[in-house]
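Asks: This is the structure, below, for whatever I ask next.
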Amino acid sequence: MTSKPKSEDEPACGPEWPNEEDLALYVLLSRVLHGLRHLPEVSSADQRKSKDRTMNATRKPAVLAVSVGLRDARERQKMGLRELARLLGISAQKLSNVELGTNVPEDTLVAQILGCLRVSRAEFEQVMKIAKQLDVPNFVDHTASPLIDLLWTYEQLSSRIVEWAPFCIPDLLLPPPPPTAARDETAEQSERHDQELFQRQCRRQTMEQGGRRYVFLIGDEALRMARDEPDGAEQIRQLREAGRRLDVTIQIVPSGPNSAAAFTLFEDGPRPIAVALKHSHCTTYGTDKDVLNKYHDTARALLGHAFAKPVTIEAWLDSLQARAS
């Protein structure tokens, strides 16, 4: 197999990352990530020595982003696992473990894989930047077009998702946006906006497929703000419709200046595996034990408050109308 020469300052690269992705890609990746729910036992002596490090790092955000990104890049090149492993000079089992996130690769191996797959320069640099943080439990994703939606990825790994939204309706419960005219924004802002809409669509598809429980704790201030928006009636209708699902729980919680900041907690069984804090220009993912314990306790306190005096959307709207009259 021959390859064309490359310049010294540019990694081996091939077709540019496509502007539009296919929902089928997320269906494919969900099959891959399903195996992460129950990790396989390691067998070789070298793997057993690093078992603790591997198991503890499996759900770290940077590890997930790199592992899924590498598999996606290979699938886009239509290259088989064994073929790529042969080119790299490693076993197919080792490459499979890297793609599943059950083996934390050295950044040199990540670079070799990307080179063999001839990814674009931009993708190479983005993956390598993340690969430098594989052992970091907390990760800030501030890229305009993330290689992989980590919110969606962690949802795939979770049995329950708890989202606290004190001042805005959660993305998963928002109605599809109507077609709009060209917006006055930069190319980067437009790209990020389009990417967020696409990822929301993919996450909604996952929620519709079932298999996990969603608990949305929405601040009453968020409902007041939503009701006053142009599409407020549609937002409320969407909330009511989602609340009828057996795997979705929506509770209204009083919110104010002293409310905890918004977050999404991902749980696998009784334990939290990650927390996400979404900001206007980035999303922070945390897997540090102390951070998880803090947000797990906060979620339990909010849940206790919500279910001690449960308030449904209909009850909240009725009380609001009664006060207005």
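Derivation of every value follows stated rules applied to the coordinates shown; laboratory data play no part. Quantities reported herein were computed from a predicted structural model and do not represent experimental measurements. Quick reminder, even Gly has a Cβ in these numbers, built from the backbone with ideal geometry, and neighbours come from all protein chains shown.
Asks: Counting Lys and Arg as +1 and Asp and Glu as -1, what is the net charge of the other residues whose Cβ lies under 15 Å from the Cβ of SER259? Write out the running numbers ahead of the final one.
Replies: Working: positive: ARG224; negative: GLU163, ASP220, GLU221.
Net local charge, SER259 excluded: -2.
Asks: Right, next: Of the listed peptides 223-233, 282-292, 92-102, what is their order by residue-averaged count of other C-beta atoms within 10 Å, with the highest listed first? If you can, show how the numbers build up before the last one.
Replies: Values: 223-233: 14.0, 282-292: 17.5, 92-102: 20.3.
Going from most to least packed, we get 92-102, 282-292, 223-233.
Asks: Picking from LEU88, VAL63, PRO105, whose Cα lies most toward the positive end of the charge dipole for the range 63-108 (charges on Cβ: Lys, Arg +1; Asp, Glu -1)?
Replies: It is LEU88, whose Cα lies furthest towards the positive end.
Asks: Need one word for the range 88-157: rounded, prolate or oblate. Basis is the Cα gyration tensor (sqrt eigenvalues a ≥ b ≥ c); a/c below 1.5 gives rounded, then a/b vs b/c decides. Don't skip to the end; give the middle numbers.
Replies: On the way: a/c = 1.73, a/b = 1.24, b/c = 1.40.
Oblate is the answer for the range 88-157, as a/c is 1.5 or above yet b/c matches or exceeds a/b.
Asks: With θ set to phi - 60° and the Karplus curve 6.51 cos²θ - 1.76 cosθ + 1.60, what are the ³J(HN,Hα) couplings of the range 112-124 in order, to the nearest whole Hz, using x for Gly and Pro?
Replies: Rounded to whole hertz, the list is 5, 5, 5, x, 4, 7, 6, 6, 5, 4, 4, 5, 4.
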